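J.: This is the structure I want to talk about, given as structure tokens.
The values are calculated or read from the model by the stated rules, or taken from the named source; none is laboratory data. Being a predicted model, the structure only gives us computed values, none of them experimental. With ideal geometry, Cβ positions are generated from the backbone for all residues, glycine too; neighbour counts draw on all protein chains shown.
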Amino acid sequence: MRKDYKSLGHIFQIYARTWSPRIDRHDALVNEIVTFLKHKKFEVLVEPRRLTPAGVKKPGIVAWLPGYSAVVIDVALWLRCIF
């Protein structure tokens, strides 16, 4: 087997050993954003569960200033692969 071989599992980071560190990075970024928004006086909900006709939805962050519209933020981390 070649040493430079990468499976789709490695490329898409779906292996169990990469799952926990990726979730930790996601959660750390969510916490940074929430801290920033609260400092700016936003009301913030983190991962609220909402029942919809399509099932339960769980956006990452819902933030709003009292009297204004809400903003929904879905944090996603991407791995940049160079081949």
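J.: Report yes if R50 is within 16 Å of the chain's Cα centre (by Cα), of a type in the set (D, E, K, R) and modelled with pLDDT of 70 or more, otherwise no.
T.: Values: within 16 Å of the chain's Cα centre (by Cα): no; of a type in the set (D, E, K, R): yes; modelled with pLDDT of 70 or more: yes.
For R50, the condition - within 16 Å of the chain's Cα centre (by Cα), of a type in the set (D, E, K, R) and modelled with pLDDT of 70 or more - is not met.
J.: List the residue pairs whose Cβ atoms are under 6 Å apart, where the first residue sits in segment 39-50 and is surrounded by 11 or more Cβ atoms within 10 Å (Cβ to Cβ), the second is of a type in the set (A, V, I, L, M, F, W, C) and assigned to a loop (DSSP other than H, G, I, E, B), and the two are 6 or more positions apart or on different chains.
T.: F42/L65
J.: Inside segment 48-70, can you point out the residues that are in a strand (DSSP E or B) and among the small types (G, A, S)?
T.: G55, A63, A70
J.: Let me ask another. Considering each residue of segment 53-69, count those that are modelled with pLDDT under 95, under 18 Å from the mean Cα position of the chain (by Cα) and over 19 Å from R25 (Cα atoms), and give that number.
T.: 2
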